[in-house]
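Below is one structure, written out as structure tokens; the observations come after it.
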Amino acid sequence: MASARTPYQEAARELLRQTVFDAARELLAQRAWSEITMAEIATAAGVSRQTLYNEFGNRNEFGFALVIHEGERFLDGVEKAVLEHVDDPRAAIGAALRQFLRSAGEDPLIRILLSDDGTGGMLPFVTTQGLPVVQWATDRLVAVIEEGWPQAPAADVKLLAESLVRLAISYVTTPGESPHNTAEATAELLGPFIDEALGSTSGGLQT
């Protein structure tokens with residue numbers, strides 16, 4: 001059994017991962033993911049290719065890790081939006097989706113994903129082959145909803161969270177209306193379920 005990492009080792013690992021992710025973002029600003037090799041990422045980050053493989057396993061696993069790393073920033077904003085509206089579940093869901101879509105539209109890496117016509121190589125990480133990303137994002141959203149509405153049935157929370165994640169990814173990859181209009185329409189469409197699952201008047205943090 002491997003020994004636990006020391007705080008220094010954990011800090012060094014986080015620094016390595018951040019350095020590598022930053023290097024990958026810079027390369028993606030110049031070329032499509034399908035044209036970028038692990039060796040190029042390692043060189044841009046100033047590490048050996050073997051170090052990169054040791055940390056991430058392979059190129060696909062690195063791609064998923066990069067998407068999740070970027071997604072963390074979005075979900076931090078989503079979490080804040082949800083918890084600011086614990087007295088109004090519909091408003092919370094609308095604010096969360098609006099925050100996600102607005103942030104995604106402003107981020108350079110997400111714009112690269114949006115412009116991918118299928119040949120760029122990154123789109124599968126968040127669509128048809130992106131189940132690990134969907135599961136990770138769903139779990140994050142489940143935790144946020146459970147914090148705001150601890151009385152909500154677990155099965156309903158899971159269904160709502162996964163539906164919102166899949167809808168958000170669909171809207172990001174094939175945008176239509178503005179983030180505001182999309183969020184409002186989605187909250188209205190899911191309103192009856194949101195009211196039943198989270199409680200239109202009894203939701204919110206327990207005191």
Assess whether R17 counts as being of a type in the set (K, R), surrounded by fewer than 18 Cβ atoms within 10 Å (Cβ to Cβ) and closer than 27 Å to V165 by Cβ.
-> yes
Evaluation of W149 against (1) open to solvent by 40 Å² or more (accessible area, probe 1.4 Å); (2) of a type outside the set (S, T, Y); (3) closer than 20 Å to D76 by Cα (one fails), failing number | (1)
When segment 135-156 is examined, which residues are found to be under 20 Å from the mean Cα position of the chain (by Cα), within 17 Å of A81 (Cβ to Cβ) and of a type in the set (A, V, I, L, M, F, W, C)?
-> A137, L141, V142, A143, V144, I145
Kindly provide the set of residues from segment 164-183 that are farther than 20 Å from E79 by Cβ and either exposed (fewer than 14 other Cβ atoms within 10 Å of the Cβ) or at pLDDT 80 or above (or both), ordered by number.
-> S170, T174, G176, E177, S178, N181
Give segment 160-176 a look and list any residue that's assigned to a helix (DSSP H, G or I), without any contact (Cβ under 8 Å) to a residue 24 or more places away in the chain and either more than 13 Å from the chain's Cα centre (by Cα) or within 17 Å of G105 (Cα to Cα) (or both), or say none.
-> S170
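Within segment 184-196, track down each residue that is buried (at least 20 other Cβ atoms within 10 Å of the Cβ) and in a helix (DSSP H, G or I).
T186, A187, I194
Residues are listed down the side, and each one gets a yes or a no for (1) modelled with pLDDT of 90 or more; (2) open to solvent by 40 Å² or more (accessible area, probe 1.4 Å); (3) of a type in the set (S, T, Y):
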position: A95; (1), (2), (3): yes, no, no
position: D107; (1), (2), (3): no, no, no
position: S115; (1), (2), (3): no, yes, yes
position: G120; (1), (2), (3): no, no, no
position: L123; (1), (2), (3): no, no, no
Are any of the residues in segment 35-46 on the phi > 0 side of the Ramachandran plot, at pLDDT 90 or above and touching a Ser or Thr at 6+ places or on another chain (Cβ under 9 Å)?
-> yes
Test: S48 is polar (S, T, N, Q), in contact with a Gly (Cβ under 9 Å, 6 or more places away or on another chain) and either buried (at least 17 other Cβ atoms within 10 Å of the Cβ) or over 20 Å from A137 (Cα atoms) (or both) = no
Odd one out for D139, checked against (1) at pLDDT 85 or above; (2) within 24 Å of S34 (Cα to Cα) | (2)
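The values are calculated or read from the model by the stated rules, or taken from the named source; none is laboratory data. Being a predicted model, the structure only gives us computed values, none of them experimental. Every residue, glycine as well, gets a Cβ built from its backbone with ideal geometry; the counts of neighbours run over all protein chains shown. Ligands, DNA and RNA are stripped out before the accessible areas are found, and what is left, the full protein with its side chains, is counted by its heavy atoms. Shrake-Rupley method; radii C 1.70, N 1.55, O 1.52, S 1.80 Å.
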